[in-house]
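For reference, the structure is listed below as structure tokens.
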Amino acid sequence: MSGVVIVGAGLTGLSAAYHLGEAGVRARLLEALEEPGGACRTLERDGFSFDLTGHLLHLRLAESVPLLKGLGIWRQLHRRQRRAGILLKGCVTPYPIQIHTHRLPPEVRRDCVLGFVRAVMSPSEHPEEEKTFATWVWERFGEGFARHFFFPYNEKLYCTPAAELTTEWVGRYVPRPGLEEVIDGAFGLHRTPVGYNATFFYPRRGGIRLLADALAGRVPQLELRRPVTAVELEARRLTVADGETLTWDTLVWTAPLTTLTHLAADLPPQLVAAARVLRAVAVINVNLGVRGPAPRREHWLYVPEARFPFYRVGFPSNHGEVAPPGHHTVSVEVSLPAGAPAPPGLEEACLSALLEMGLLKSRDDVVCRATARLDPAYVVYDRARPKAVAALRAGLRQAGVLLAGRWAEWKYSTMEDALWDGAAVARRLRP
């Protein structure tokens, strides 16, 4: 029997199934793993709760609060004011660096402020549609900010030169201050929170899986341990690992787009070519359970310098109860090209870096480890991406396949976006 089939029980897939169910539409939701949530899962180890990288709930839409209340978890979420920093040249300055240079070494502070002033005074040399991320940063923030933070951090995260990245993704994620704010920031006078993540919500205890579990509890046709092994677009049929075949009127795909293109044997040649140009990075997430209190009060730190293996380190115990009494958790994130093997000795290299930074007193204090891989974790926004994604979206739509969510649509987005991506596709399918 045909109908609606959803692949991937991350937040988007769960939200799509939940909203369809609320509208009286039954949809089968297939998930390859043994638990729902996708990247929004929490690993439980020896009394520690380890999220898969830093997952914080940033709310900007008024309708998000009623949704969370309807799921019964609103009172279990704690609102936090962001405490984030940038570790650079042995110093930690608050994030975003654009308005918080006062704790940096004087020569770095001078480079950043002087470069910003020169950028403000210089007319743009590139039309908006021709700007790469590199030229956008240079013209918007100046040479100092570009060289000390924006280039090394983003090249470390995306494993891609800044000149090969586009600006499609920056939007609300990279705020530009005014000259007065930059000057105030150089003297420690800036006090106003800035950025989409200035505040966030996080479960009071137990980790971010609370959100996925709440949705999953309201999706009766959630089928776990059901990986899709083949997709036939012309026949509108997919095969599950146990041999069952399902046909669809509409297939809502929320798993990685590249997984679908790999499984679809009858993908037209032009779409095979489009899929080949899609790029992404994987993230190795090293989670540690450590004796004693957290070494710093920040929720997370950005680490742009190439000599350290990770681009970000977080302290989830600073925003939720995720460790036994007398302990804290550390989350370290290392980026590498999608599909590439992790470097040998990566965990030990991360521990050595934490020791050098003063974020770990002794290896002996580490009482629990849990390393996970997210692949893909971040898509690479390059010039080939828009045309390739548009071609794949249009071609797949002809076979009754709708792409929804961060990985299926090959984009960068937040947890809140994932919830409403699922709701949006459900609205399209309601009678």
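The values are calculated or read from the model by the stated rules, or taken from the named source; none is laboratory data. Everything quoted here is computed from the prediction, not taken from an experiment. Cβ sites come from the backbone with ideal geometry, for glycine too, and all protein chains shown count toward neighbours. Ligands, DNA and RNA are stripped out before the accessible areas are found, and what is left, the full protein with its side chains, is counted by its heavy atoms. Shrake-Rupley method; radii C 1.70, N 1.55, O 1.52, S 1.80 Å.
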Give, rounded to the nearest 20 debye, the magnitude of the charge dipole that the chain has about its Cα centre when Lys and Arg contribute +1 at Cβ and Asp and Glu contribute -1 at Cβ. 860
Taking GluC sites (Glu not before Pro) in a DSSP loop with at most 12 other Cβ atoms within 10 angstrom as exposed, one finds the longest site-free stretch of the chain at 245-431
Please compute the contact order of the chain in relative form: average sequence separation of alpha-carbon pairs under 8 Å and at least six residues apart, divided by the residue count, as a percent. 26
Rg(Cα) / (2.2 N^0.38 Å) computed for the range 1-128, rounded to two decimals: 1.63
The answer for the net charge of residues other than His100 whose Cβ lies under 11 angstrom from its Cβ, with Lys and Arg +1 and Asp and Glu -1, is +1
Expressed to two decimals, the range 50-208 has a Cα Rg over Rh, using the Kirkwood radius, of 1.02
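Pop out the carbon and sulfur fraction of the accessible area of the chain as a percent, whole number, probe 1.4 Å.
Ligands and nucleic acids excluded, carbon and sulfur give 52 percent.
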In whole Å, what are the extents of the range 171-296 along the principal axes defined by its C-alpha atoms, from largest to smallest? 65, 40, 28
Can you check what the net charge comes to around Val4, using other residues whose Cβ is under 11 Å from the Cβ of Val4 (Lys, Arg +1; Asp, Glu -1)? +3
At 7 Å along Cα-to-Cβ for each site, give me the label-to-label distance between Arg428 and Leu179 in nm. 4.6
Counting only pairs 8 or more residues apart or on different chains, how many lysine pairs in the chain have their Cα atoms under 22 Å apart? 7
Please give the contour-minus-distance gain from Thr247 to Arg191: 0.36 nm per residue of separation, less the Cα-Cα distance, rounded to one decimal in nm. 14.5 nm
Any idea of the accessible area per residue across the chain, 1.4 Å probe, to the nearest Å²? 43
Computed E for Ser122/Arg383 - FRET, C-beta separation, R0 41 angstrom, nearest 0.05: 0.95
Those residues of the range 19-38 whose amide nitrogen sits under 18 Å from the label point placed on Glu63, 7 Å along Cα→Cβ: 19-25
Can you report the principal axis dimensions of the chain using only the alpha carbons, biggest first, rounded to whole angstrom? 69, 56, 45
What does the charge add up to near Asp111, with Lys and Arg as +1, Asp and Glu as -1, over the other residues with Cβ less than 10 Å from its Cβ? +1
By DSSP, what percent of the beta bridges with both residues in the chain are antiparallel, rounded to the nearest 5? 70
For Arg147 and Glu234 in the same chain, what is the full-extension length gain: residue separation times 0.36 nm, less their Cα-Cα distance, in nm? 26.3 nm
Would you mind calculating the gained length between Leu114 and Ala390 on full extension (0.36 nm times residue separation, minus the Cα-Cα distance), in nm to one decimal? 95.3 nm
Please go through the range 1-87 and write out the trypsin sites (Lys or Arg not before Pro) that DSSP classes as loop and that have at most 14 other C-beta atoms within 10 Å. Arg26, Arg60
